[in-house]
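Working notes, beginning with the structure itself.
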Amino acid sequence: MTGLIVALDTADAHQATEWAETLAPHCGLLKLGLEFFLAQGPAGVHAVTARPIFLDLKLHDIPNTVAGAVRAILPLRPRMLTLHAGGGTKMIEAARHAADTVDDPPMLLAVTVLTSLDSSALHATGVAGGPRQQVLRLGRLAMDAGADGLVCSAHEASMLRSALGSRPVLVVPGIRPAGAGANDQARTLTPREAADAGADWIVVGRPITGSADPAAAAAAIAAELA
Ligand code: C5P
């Protein structure tokens, strides 16, 4: 069954804590990202929740620097941690090596192509093929380098499942319930469509946290997945 991850995208510690308390009963995992981490730091993460979290820092640097960043993050005991597959094989291998210095390492998830990029935006970055081709290329590279899973849009999930089998944990943002606005996301699908495409987890932020009743919005999405 596909699990729900709620993205707590805020720089405000009180807001994040309130969302964490309200939404934890309705989801499998809470995600904190760059906005929160840069504003509140590791101590802020501890203050928001005692539960293991998904730390979405999308690391992307030379192998030595990423390995150091992973080591610095390990004391927070995140359950999931992201890095950009575009950092290449050696960067991912270095992150794997650093993560494996602890007994229960975080799941390393490689971001393939951001769900905010459509074909033309991706093309403008110099990538000749479309998102599907690039997601597959980076997905293979990341899994071969030791990633535990991949972040992709729901449009590529079934392709990755067929090509790479059951091993990658597929985490899918860019989720929009029917009728919800896309915001800055480009490659979107509904929770049900993502589940049917083979997502292990979907990531939902604003459709929940921007709702007048976040708990009800999360519960409705969880029901759609069930
Ligand atoms: O508010 P929304 O549902 O668009 O939030 C999606 C969340 O997933 C954000 O926290 C964003 O940083 C994250 N994410 C994404 N696309 C990726 C990887 C992560 O939207 N490829």
What accessible area per residue comes out for the chain, rounded to a whole number of Å², with a 1.4 Å probe? 44
Whole-Hz Karplus ³J(HN,Hα) for segment 90-104, in order, using 6.51 cos²θ - 1.76 cosθ + 1.60 and θ = phi - 60°, x for Gly and Pro? 5, 5, 5, 4, 5, 5, 4, 4, 5, 5, 6, 7, 10, 5, 10
Under a no-solvent Debye model with one identical scatterer per Cα of segment 9-49, what's log10 I(q)/I(0) at q = 0.17, 0.20 Å⁻¹? -0.37, -0.52
One finds, for Ala226 and Ala178 with R0 = 22 angstrom and r their Cβ-Cβ distance, a FRET efficiency to the nearest 0.05 of 0.85
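Taking R0 as 25 Å, what FRET efficiency do you get between Ala212 and Ser116 from their Cβ-Cβ distance, rounded to the nearest 0.05?
Working: r = 25 Å, r/R0 = 1.00.
With R0 = 25 Å, the Cβ-Cβ based efficiency is 0.50.
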Between Arg71 and Thr125, what is the label-to-label distance in nm when each label sits 7 Å out along the Cα-to-Cβ direction? 2.9
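Using alpha-carbon pairs under 8 Å, 6+ residues apart, how would you state the relative contact order of segment 3-225 in percent? Present the calculation step by step, with values, prior to reporting the outcome.
Numbers: 429 pairs, mean separation 43.6, N = 223.
In percent, rounded to a whole number, it is 20.
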What three numbers, in Å, describe the spread of the alpha carbons of the chain along their principal axes, ordered from the longest? 43, 37, 32
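Ranked from highest to lowest mean number of other Cβ atoms within 10 Å per residue, what is the order of the peptides 13-19, 116-122, 106-112?
Numbers: 13-19: 17.1, 116-122: 15.4, 106-112: 23.7.
In descending order of packing, they fall as 106-112, 13-19, 116-122.
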Sorted largest first, the Cα spans of segment 118-226 on the principal axes come out in Å as 41, 32, 20
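Compute the FRET efficiency between Gln15 and Asp61 as 1/(1 + (r/R0)^6), taking r as their Cβ-Cβ distance and R0 = 25 Å, and round to the nearest 0.05.
Calculated value: 0.30.
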How far apart, in nanometres, would the label points at Met1 and Glu35 be if each is projected 7 angstrom from Cα along the Cα-to-Cβ direction? 3.0
All other residues with a Cβ under 14 Å from the Cβ of Arg71 taken together, and with Lys, Arg as +1 and Asp, Glu as -1, what is their net charge? 0
Within segment 3-225, what whole-number % of the accessible surface is contributed by carbon and sulfur, with the 1.4 Å probe and all protein chains included in the calculation? 53
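The values are calculated or read from the model by the stated rules, or taken from the named source; none is laboratory data. Note that the coordinates shown come from a computational prediction; the quantities given were computed from them, not determined experimentally. Positions of Cβ are generated from backbone atoms using ideal geometry, with glycine treated the same way; all protein chains shown enter the neighbour counts. Heads up: the accessible areas ignore ligands, DNA and RNA and are worked out on the full protein's heavy atoms, side chains in. Shrake-Rupley method; radii C 1.70, N 1.55, O 1.52, S 1.80 Å.
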